[in-house]
Amino acid sequence: MRKLVTLICLLVSGALSAQEIFDPGSLATIAKSEQDAYSGNITGKSPGATSTYDVKWYRCYWNIDPAVKEISGNVTTLFTPVISGLDSLVFDLSQALTVDSVTYHGLARPWYHTADLLTIRFSTIIPMAAMDSVTVYYHGVPPDNGFGSFDQGTHNGVPVLWTLSEPYGSSDWWPCKNGLTDKADSIDIFIRTSALYKSASNGILVSEIPVGQDVIYHWKHRYPIAAYLVCLAVTNYARYTELVPYGNDTLKSVNYVYPEDSASVVPQTANIVPMIQLFDTLFGVYPFQREKYGHAQFGWGGGMEHQTMTFVSSFGFELLAHELAHQWFGNKVTCGSWTDIWLNEGFATYLSGLCYEHLQPLYWKRFREVRVKSIISSPGGSVYCTDTSSVSRIFDSRLSYAKGAMVLHQLRWILGDQVFFNAVNNYLNDANVSYGFARTAQFKAHLESESGQDLTWYFNDWFTGEGFPSYHIPGWWKGGDDVTVILEQTQSHPSVSFFQLPVPIQFKNATRDTIIRFDHTFSGQSFTVAIPFKIDTIIIDPGYQLISGYNTIGGVSEETIRPVLQVYPNPAKDQVTFVFEGNLAREDSDLCIYDSAGKLIEEYLHYEGETEMTMDIMNFRPGLYFYVLTTTDHLYNGKFLIGR
């Protein structure tokens, strides 16, 4: 990893489009488009191709007319058995497609096609580790099953056809080995279409061969690739290339865009140059540097990170950054189970944030704030995907994307930049996962190795655990130069009893401020620190370094705080009484009651002179509640329990 000083050059030389600003809704749009693209319940759609063989190479020959939702052609698969006595081969292939024939060593072989599985029988046993191949000829109309895996539309009156196969849609349009267990070592793709059109696909364009009124485009990709990342798109694209210098090399960024949009798109795709340079600096060289990176415009909202050729519907700053990031996190290293989808989407979301941090720093804090507010909008939910039969759960913007990204940022906050980025680079370059598949445990192991810490507590809280902490400072006092703070915590979900985190707290007045990091290990913990100036304001986590919400601050005093608001009984059953003492009884104030998720339940006005207020709580559900009392100058808070 190059030294971060290189980023100074990026800030100067990266020609970012001036019109690009932070859009708080970008992530929701990205995730929603991916949910829609992969919509529907995928129970029973999981891959069934056996693990008895290892795919080495696919050679795909497809006939495509973008005006017609149909495909024909053949796919040759080079494979090696991983068991002894292999006498058959099973591919994933939709029954909506018709298999015309299967050849093996130039001879037709018997096959049967049921339950979206194509089984081919051999006449002899193929020895373990022997390399062999088989070719499937087929045609048909890929199913319209809500996955968007093979779709057709128009732009400006011109037909366009594209594929989008995540998570299991590849078998809707070609015979392959779906799933997250096997990557082909390489692939060759031949697309025959009318000379009116151009094709976009994986790898590099080797040739464009005229055949009568048609053209055969040959794309070659020589890196391991998962089936869902194989793609094609065909229409009357305008094509242009941008050069990305990095280190001592140059990468081609090839763009296939609708001709009617090219004038507006060119300045936007220029943003990809400093983004690639940034990721090269932070995470190592672009993973497919011998070939290219590219964009192809298509007719579905959002984007899809096909290997070396991202499909996008628009060219906004965050969308381009998010899909580019997947080339490292999702393509070079692919989640080994959809339960670990955050290793794809959480990283891609966080890397789009790093683009704000280094290339548009004005929006970096705002990026974190919007992600945190999305996460705390509901009290539960884990980064671990608990339901892989639901596409909406796999691609949940709040959990897989936003919470996944902020779980990474918290790790960076806890471990420090050097340890965090070193560990991430070690993970990317681990021979066991690089250009292969990874699970969360492998990422965790690299963090632990680099930091020398056991991070089981963190992953228990933030990967499988649900919810988030709320911090409360019921009181603080200043004596001389020392300030003492009491820090309490409640949790939004019972799966975590306490979130152990280093909590940043800002102390300030009109002219001075300081932020101090407190290692919070239990609720009610007291901290005393030296603050050499008079303070009038305290803010918990002012920079959104943590996933937390509904934090509150109590009253201020030059002496030890004496309770000015008493609550009884606590726990309460039918009624609860608030007792106002001292100066608090002599001024108007607002009293708000919140439930444990931070939702406002009731709001009352306390009038000057009242010393008690009794509240009927018969209609309140049992549980923990918080009160916040606001006066002209101060804010007081606390909690009470309702039990029946």
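Each reported figure results from applying straightforward, stated rules to the coordinates on display, with no laboratory input. Treat the numbers as computed from the prediction; the structure is a model and nothing was measured. A quick note on method: Cβ atoms are made from the backbone with ideal geometry, for glycine too, and the neighbour counts reach across all protein chains shown.
A few notes on this one:
- Packing-based exposure ordering (other Cβ within 10 Å, fewest first) of 309, 615: 615, 309
- Ratio Rg/Rh, restricted to the range 419-462 and using Cα atoms, in which Rh is the Kirkwood radius: 0.97
- Percent RCO, i.e. relative contact order, over the chain, from Cα pairs under 8 Å lying at least 6 residues apart: 10 percent
- Per-residue extension of 0.36 nm, minus the Cα-Cα distance of residue 460 and residue 252, leaves a gain of 70.7 nm for this segment.
- The reciprocal of the average 1/r between distinct C-alpha atoms defines the Kirkwood hydrodynamic radius, which for the chain equals 27.4 Å.
- The calculated FRET efficiency for the pair residue 604 and residue 624, based on their C-beta separation and a Förster distance of 22 Å, comes to about 0.70.
- Exposure proxy for 488, 166: other Cβ atoms within 10 Å of each Cβ, ordered fewest to most, give 488, 166.
- The slack in the chain from residue 156 to residue 449, taken as 0.36 nm per residue of separation less the alpha-carbon distance, amounts to 100.0 nm.
- Each of 71, 156, 55 was placed along the dipole of the range 53-238 (beta-carbon charges, centred on the mean Cα), and the one lying farthest toward the positive end is 55.
- Selection among 549, 288, 489 by position relative to the dipole of the chain gives 288 as farthest towards the positive end (Cβ unit charges, Cα centre).
- Magnitude of the charge dipole for the range 468-561, about its Cα centre and with charges confined to Cβ atoms of Lys, Arg (+1) and Asp, Glu (-1), is about 160 debye.
- Ordering 305, 610 by the number of other Cβ atoms within 10 Å of each residue's own Cβ, fewest first, gives 610, 305.
- Counting charges near residue 103 (Lys, Arg +1; Asp, Glu -1) among other residues having Cβ under 14 Å from its Cβ returns a value of +1.
- Against the empirical curve 2.2 N^0.38 Å, the C-alpha radius of gyration of the range 53-238 lands at a ratio of 1.02.
- R0 of 45 Å, Cβ-Cβ distance residue 262-residue 513: FRET efficiency to nearest 0.05: 0.40
- For residue 150, the residues whose modelled amide H falls within less than 5 Å of its own, excluding neighbours fewer than 5 places apart on the same chain, are 164.
- Each other residue within a Cβ distance under 14 Å of residue 156 adds +1 if Lys or Arg and -1 if Asp or Glu, for a net charge of -2.
- For the range 99-246, the dipole from Cβ point charges (+1 on Lys and Arg, -1 on Asp and Glu) about the Cα centre works out to 280 debye, to the nearest 20.
- Relative contact order of the range 468-561, taken over Cα pairs closer than 8 Å and 6 or more residues apart, is 41 percent.
- Highest average packing first - 89-98, 104-113, Cβ atoms within 10 Å: 89-98, 104-113
- Dipole check for the chain: with +1 at the C-beta of Lys and Arg, -1 at the C-beta of Asp and Glu, and the Cα centre as origin, the magnitude is about 1520 Debye.
- Cross-link pairs 220/365; 198/403; 183/365; 198/373; 177/444 - those with Cα-Cα distance over 32 Å: 220/365; 198/403; 183/365; 198/373
- For residue 437, the residues 5 or more places off, or on other chains, whose built amide H falls under 5 Å of its own are 334.
- Label separation (residue 432 vs residue 240): 4.7 nm, computed from points 7 Å beyond Cα along the C-beta direction.
- Per-residue 3J(HN,Hα) values for the range 175-182, derived from phi via the Karplus relation 6.51 cos²θ - 1.76 cosθ + 1.60 with θ = phi - 60°, read x, 7, 9, 6, x, 10, 10, 8 Hz in sequence order (x marks Gly and Pro).
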